[in-house]
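Since the structure comes first, as structure tokens, the remarks are kept for the end.
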Amino acid sequence: MSASVGLAPRWRRTAIVAIVAAAMGGALWLGVSRATAWLAVPSRPASPEAGPGEPWRLLLALADPAAGERLVAAGKGAAAPACAGCHGAREVPAAEGVPRIAGLGAGHLMAQLTAYADGTRDHPVMSPMSKALTPRDRAAAARFYAALPRPDAPPAAGVPDRAVFERGLALDRHGDGALGLRACGNCHGVLGGGQGGRLPAIAGQPVDYLAGSLRRYREITPPPDSGAALMASVARRMGDAEIDAAAAFYASLPTTGPANAAAAR
Amino acid sequence: MARRLPAVDAVVVGVGWTGAIIGKELAAAGLKVAALERGPARWSAPDFQAPEIHDELLYGVRLGLNQNAARETYTFRNTGTETALPMRRWGAFTPGDGLGGGGAHWSGAYYRYDENEFRLRSHYTRKYGAGIFDPTCTAQDWPVSYAELEPHYDRFEYLCGISGRAGNIAGKLQAGPGNRFEAPRARDFPNPPMKVPYASAIFGRAAASLGYHPFIQPSANLSRPYRNTEGLEMGACMYCGFCSNHGCEHFAKSSPQVCLLPAALKLPGFDLRTGAEVLRVETTPDRGMATGVTYLDHASGEELFQPADLVFLCTFAVNNPRLMLLSGLGEAYDPATGRGQVGRSFTHQTTASVALFFDRDDLRLNQFMGAGALAVTMDDLNCDNFDHTGSGFVGGGYVQVQVVGQGPIRGVTVPAGTPGWGAAWKAAARRWYQRATLIQITATAMPSRATVLDLDPTYTDALGRPLLRMTYDFSPMDQRLAQFLVDKAVEIGRATGASRVEPRYTRGQYDSTRYQTTHLTGGAPMGDTPASGAVNRYGQLWGTPNVFSAGASLFPHNPAHNPTGTVGAMAYWTARAVLEQYVKAPGPLVQA
């Protein structure tokens, strides 16, 4: 409200309306009646990073990558040690088995940190750390990692034996009709290269991270309208054999390369 | 001589929505069911997976999932004095083929019919006088009521996971984006409505500013992941824009192969056979009972006789009357005398549109993001929701902006008068791709005495059987209605602030090359006596009580709303009548 102080009353009122509307997710259509509020057109188009209804979209748009760099390097107190300790502050993680998040979409990273913080996703390390950060901190860290290039590193794992690789390739390309499984590539891009700002590249991620994430997705029941619910509904249809084959397959692919052009933007 | 197979309790001809529903219900009750589908098996995975399924040329233009018109088509003429010619490529409608039928690649617009559609003749006669009907109009009351079908609509909606918001629960109007004109429903939809695209919101705001009541169209494109009433998992729609004419890679479009068949196949009594093309229903010499069906097994080329105690005709709407005619079931309709019921009351649909062009450099409608049934629509001018006094028509139509996905081949709208190709077309396509949209009108179609389905005297299909011949034209009532609706839609178009509002009337004769919808109805209408319908209220043939017909061929007229909701509800209604009544005491369920 302080921004409107000093304005003429009629403009002050307009400014307050605009600020309140922006805080409500950007949906502003002056003159809309209550009965047709659902027809409101967002004042801004959705960005590749965030839908108009996501509460953190403004935070992410305004996030300071320099603050993110400081946070990544130094952490924030005992509950939130430096991100770089595991994920690295460059392209490749500092520790074995840690996902390679450099160059993934800022919206994707912010959505995951938010999901860990609000309990939608659950991870023994990431959940307490995300809860210890403010939304502004999470946005800054997401912005920092998203600005890094995708790592040009060797695959996280060697090529698995042929039967496992072919099973993984089939899941990537065709899914499994008998299990009601759609192809991973529908969303994550052909050969795991990622699509757009919100569908992450999974090629070249560590096998234990991929398999562990899928197993945890099988266990959770996220809010039905959330992005996590989509992944959970897929993971629930995967048996251990499918999870292990998909994880081994994607881990054996290069993180960058022709197949990963989408992620290397 | 066809080889005789071991007998089954029931044979289902065609495995789309109705065949899957009836076959599964019967098998679940312990009956042995042979489900015969003439087309190939195809499943969401692997057959509908991306990126291949996003091929607009193959599926959208060349209709790769539809019936092969070079193998089997229809002949068409406008009047009985013309010679019908075969439709060698699809135009006015695009019939399905293969497992799941049209349900595999439909758009997903989901409606219940209005209560008055079921009592059309008596309602309009009582309110406006008998003169509101043209003398040639053969529309009649349906022998089933909305209230009877309500639980079956409900069941079908929870099977499909329909996305929508109720407008009327048990007579109480609901606030929000539901349809206040809808018939009362017992409970809300299983999933919330879809998101509202920009072009649809512009339309909805303009309609609301004129006092209309826009709503988000109920949709079989799912707004979130859903475990359905058969325990099957469905995904959420991604608004990818490759929906109508395509299969869905995300298991997010309600289809027999997503919502039903995996559960049916677990039942010991459900035997699914694809590539099994039924040639005819076999009967006793007096045609009083069916003995089974003869079909061609595409894999072996062999003709097989499948004996069965019950036969369910579950093919695409107009193919049911064709199969009846090919099998000598019922009496063929004669437009000269009005006698006979098979082939009567055939209707299609009257559609029209109004193109809107917004001459604004900064506008990006982004209609490439879409889904088959993603729309803001209104029913203020539909059914009897407005005064028909002096109108010269019954029924109405819904008016909407539906954003199905603006493919690069079919999704370009340019102003009338733009050259069809070359530099001027390209310049217009560039200018208007992001700045033009269509208000679409989908209206009632009334049957008239002269519209008829019969067997063509000249042309045959690839197997040598006569093609179905359509004799059809828009009724004068429908043409008056279409004019009225386009004029109203132009007013809404002007209220959007569009710089150019271009009505695209449907005038003159019905044109079999111009797409309307794939909502063909009638041809084997239900009636309350053998003199008013080919089948009774359960779809049971009057003269051959162990044969049932399902699907839109039963509808005595074509209400404006999309038919699939009622097709699904009627299939459950038929299945329940068979299991609760016929199986216990075989014979006619309605005394003639």
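The values are calculated or read from the model by the stated rules, or taken from the named source; none is laboratory data. Values in this document were obtained by computation on a predicted structure and should not be read as measured data. Here Cβ is always computed from backbone atoms with ideal geometry, including for glycine, and neighbour counts include all displayed protein chains.
Applying the criterion of being at pLDDT below 95 and small (Gly, Ala, Ser) to the residues of the stretch B:406-419, the residue that is nearest to residue B:240 (Cα to Cα) is B:407.
Of everything listed in (1) away from chain B (no Cβ under 11 Å); (2) among the polar types (S, T, N, Q); (3) part of a helix (DSSP H, G or I), the single unmet condition for residue A:255 is (3). In the stretch A:169-193, of all residues being more than 9 Å from every other protein chain (Cβ to nearest Cβ) and within 20 Å of residue A:233 (Cβ to Cβ), the one that is surrounded by the fewest Cβ atoms within 10 Å (Cβ to Cβ) corresponds to A:188.
For the stretch B:348-365, give me each residue that is within 25 Å of residue B:516 (Cα to Cα) and out of contact with any Leu (no Cβ under 9 Å at 6 or more places or on another chain).
Residues of the stretch B:348-365 that are within 25 Å of residue B:516 (Cα to Cα), as a first pass: B:348-357, B:365.
Across the stretch B:348-365, the qualifying residues are B:351, B:357, B:365.
Sub-7 Å Cβ pairs linking a first residue in the stretch A:226-241 that is at the interface with another protein chain (Cβ under 10 Å from one of its Cβ atoms) and touching a residue at least 24 places away in the same chain (Cβ under 8 Å) to a second residue that is outside any loop (DSSP other than H, G, I, E, B) and of a type in the set (Gly, Ala, Ser), at least 6 apart or interchain, are A:227/A:111, ordered by first then second residue. Restricting attention to the stretch B:559-572, the residues that are surrounded by 24 or more Cβ atoms within 10 Å (Cβ to Cβ), touching a Phe, Trp or Tyr at 6+ places or on another chain (Cβ under 7 Å) and either β-branched (Val, Ile, Thr) or not in a loop (DSSP other than H, G, I, E, B) (or both) add up to 6.
Can you find a residue in the stretch B:70-83 that is among the aliphatic types (A, V, I, L, M) and either surrounded by 22 or more Cβ atoms within 10 Å (Cβ to Cβ) or closer than 30 Å to residue B:530 by Cα (or both)? Please lay out each step first, then the result.
The initial filter retains those residues of the stretch B:70-83 that are among the aliphatic types (A, V, I, L, M), namely B:70.
Among the residues that remain, those that are also either surrounded by 22 or more Cβ atoms within 10 Å (Cβ to Cβ) or closer than 30 Å to residue B:530 by Cα (or both) are: none.
No: the stretch B:70-83 contains no residue that is among the aliphatic types (A, V, I, L, M) and either surrounded by 22 or more Cβ atoms within 10 Å (Cβ to Cβ) or closer than 30 Å to residue B:530 by Cα (or both).
Within the stretch B:13-69, the residues that satisfy the criterion of being among the acidic types (Asp, Glu), surrounded by fewer than 24 Cβ atoms within 10 Å (Cβ to Cβ) and modelled with pLDDT of 95 or more are B:25, B:47, B:55, B:56.
Of the residues B:251, B:270, which is buried (at least 20 other Cβ atoms within 10 Å of the Cβ), more than 21 Å from residue B:107 (Cα to Cα), modelled with pLDDT of 95 or more and of a type in the set (Phe, Trp, Tyr)? Talk me through it step by step, then tell me what you get.
Numbers: B:251 fails: more than 21 Å from residue B:107 (Cα to Cα).
Matching residue, one of B:251, B:270: B:270.
The residue that is modelled with the lowest pLDDT, counting only those in the stretch A:215-232 that are assigned to a helix (DSSP H, G or I) and within 15 Å of the chain's Cα centre (by Cα), is A:227.
Restricting the first member to the stretch B:191-203 and to residues that are surrounded by fewer than 24 Cβ atoms within 10 Å (Cβ to Cβ), and the second to residues that are modelled with pLDDT of 95 or more and assigned to a helix (DSSP H, G or I), the beta-carbon pairs closer than 8 Å and six or more apart or on different chains are B:196/B:204.
Out of B:436, B:427, B:445, which single residue is under 17 Å from residue B:554 (Cα atoms) and not hydroxyl-bearing (Ser, Thr, Tyr)? Before the answer, list the steps.
Working: B:436 fails: under 17 Å from residue B:554 (Cα atoms); B:427 fails: under 17 Å from residue B:554 (Cα atoms).
Result: B:445 is the single residue among B:436, B:427, B:445 that is under 17 Å from residue B:554 (Cα atoms) and not hydroxyl-bearing (Ser, Thr, Tyr).
With respect to being of a type outside the set (Gly, Ala, Ser) and either more than 30 Å from residue B:576 (Cβ to Cβ) or assigned to a strand (DSSP E or B) (or both), residue B:454 fits the description. Only one residue in B:496, B:529 is more than 20 Å from residue B:151 (Cα to Cα), more than 22 Å from the chain's Cα centre (by Cα) and surrounded by fewer than 17 Cβ atoms within 10 Å (Cβ to Cβ). Which one? Testing whether each residue is more than 20 Å from residue B:151 (Cα to Cα), more than 22 Å from the chain's Cα centre (by Cα) and surrounded by fewer than 17 Cβ atoms within 10 Å (Cβ to Cβ) leaves just B:529. Among what's in the stretch A:142-168 and is among the aliphatic types (A, V, I, L, M) and more than 12 Å from residue A:105 (Cα to Cα), pick the residue that is farthest from the other protein chains (Cβ to nearest Cβ). Applying the filter and picking the extreme gives A:153.
With respect to residue A:57, determine if the residue is modelled with pLDDT under 95, surrounded by fewer than 17 Cβ atoms within 10 Å (Cβ to Cβ) and among the charged types (D, E, K, R).
Values: modelled with pLDDT under 95: yes; surrounded by fewer than 17 Cβ atoms within 10 Å (Cβ to Cβ): no; among the charged types (D, E, K, R): yes.
Against the criterion (modelled with pLDDT under 95, surrounded by fewer than 17 Cβ atoms within 10 Å (Cβ to Cβ) and among the charged types (D, E, K, R)), residue A:57 does not qualify.
Against the list (1) more than 10 Å from chain A (Cβ to nearest Cβ); (2) under 24 Å from residue A:36 (Cβ atoms), the condition residue B:228 fails is (2). Between B:220, B:183, the distinction of being surrounded by fewer than 24 Cβ atoms within 10 Å (Cβ to Cβ) and either hydroxyl-bearing (Ser, Thr, Tyr) or more than 10 Å from chain A (Cβ to nearest Cβ) (or both) belongs to B:183 only. Residue count for the stretch A:126-150 under the criterion of being outside any helix (DSSP H, G or I) and over 21 Å from residue A:70 (Cβ atoms): the result is 1. Beta carbons closer than 9 Å, at least 6 apart along the sequence or on distinct chains, never pair a first residue in the stretch B:204-216 that is facing chain A (nearest Cβ under 7 Å) with a second that is in a helix (DSSP H, G or I) and of a type in the set (Asp, Glu). Scan the stretch B:104-157 for residues that are surrounded by fewer than 22 Cβ atoms within 10 Å (Cβ to Cβ), touching a strand residue (DSSP E or B) at 6+ places or on another chain (Cβ under 6 Å) and not β-branched (Val, Ile, Thr) and report the count. Residues meeting the conditions: 2. The set of residues in the stretch B:543-580 that are over 29 Å from residue B:446 (Cβ atoms) and without any contact (Cβ under 8 Å) to a residue 40 or more places away in the chain contains only B:580.
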